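Read the structure below first, then the notes.
The values are calculated or read from the model by the stated rules, or taken from the named source; none is laboratory data. Treat the numbers as computed from the prediction; the structure is a model and nothing was measured. So basically every Cβ, Gly included, is an ideal-geometry build from the backbone, and we count neighbours across all protein chains shown. With ligands, DNA and RNA removed, areas are computed over all heavy atoms of the protein, side chains included. Shrake-Rupley method; radii C 1.70, N 1.55, O 1.52, S 1.80 Å.
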Amino acid sequence: MKLITFLQTNERLLFRSALATLLIAFIVLSFFVLLIPPKYLDIHISEEIQEKQTPILNTIMIWISWFGRTPVSIVMVGITSLFFLIRGYKKEAVLVVSTLLSGILGLAFKMLINRPRPSKDLVILLEDTKYQSFPSGHVLFYTVFFGSLILIILHLKKISYKIRIFLITTCLSMIFFGAVSRVYLGAHWFTDVLGGFILGILCVLIMGYFYVKNDRSISESKN
């Protein structure tokens, strides 16, 4: 109870601290990949993940990564937002559509940092890629999209406990395996994936703040 009371009392401070921590972490990581070429950490992790390659696993990883392609992600966002809109959840539909902004944000950082993709002399390339490497656009989108779905699942009261757990587990799995697939396919370094994840969590926190803000304003006005 004391922990819950502490969290509620210091909610704004904790929220701002989390945002500041994530922002600093992303800036530090950005300078790291900008100034230091991929050495032991990135290459070692890529080697560890890629040494377990099999034809079946190749197909699975390609399939998981397929959802992060721009045309597919746009269709996926459109269908999901339309579902919420039809069910009368307009705010949720807007939240889902806003996840597409992560693509613009990720592309802007790619152009700014301009980190080359992993080359075939260092990793096994199982996917043709374009644009720069940092941060991973797939991981950024997966984190923002599935992270937003987790926010919605936690926020909606009509979802049963078992279905809630199943959906949240599925979303978390897509984020995790989506990140692993990018390194497995040779499309990104580990630090690219980490950058996409950190930036994605930062976006989810900001989007989540505005998502629940209206509800709090309504409840406060009623009180």
**Prompt:** In percent, what relative contact order does the stretch 111-223 have, based on Cα pairs under 8 Å that are 6 or more apart in sequence?
**Reply:** 38 percent
**Between 0 and 90°, nearest 10: helix 101-113 axis offset from the chain longest Cα axis** = 40 degrees
**Request:** For Lys90, go through the aspartates and glutamates and keep the ones whose alpha-carbon is under 19 Å away, minus same-chain ones fewer than eight residues off.
**Result:** Asp215
**Prompt:** So which lysines pass the test for Lys52, namely a Cα distance under 16 Å, with those fewer than 8 places away in the same chain ruled out?
**Reply:** none
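Under the Kirkwood approximation applied to all pairs of distinct alpha-carbon atoms, what is the hydrodynamic radius of the stretch 111-181 in Å? Kindly include the intermediate steps, with their values, before the conclusion.
Numbers: mean 1/r = 0.0699 Å⁻¹.
When all Cα pairs of the stretch 111-181 are included, the Kirkwood radius is 14.3 Å.
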**Fill in**
Using a 1.4 Å probe on heavy atoms of the protein chains only, the accessible area for Phe84 in Å², nearest 10, reads 20 Å²
**Prompt:** Quick one: if you stick a label point 7 Å off each Cα along the C-beta vector at Leu172 and Ile159, how many nm between them?
**Reply:** 1.3 nm
**Request:** For the chain, find the longest principal axis of its Cα atoms and tell me its angle to the long axis of helix 55-66, 0 to 90°, nearest 10.
**Result:** 50 degrees
**Asked** Just from its helices, what would the mean residue ellipticity at 222 nm be for the chain, if runs of 4 or more DSSP H residues each count -39500 (n - 2.57) and the sum is divided by every residue, rounded to the nearest 500 deg cm²/dmol?
**Response** -25500 deg cm²/dmol
**Fill in**
Rg (one decimal) and Dmax (whole number) from the Cα set of the chain, in Å, equal 18.9, 64
**Signed unit charges on C-beta, dipole axis of the chain, positive-most listed residue Ala20, Val212, Val72** = Val212
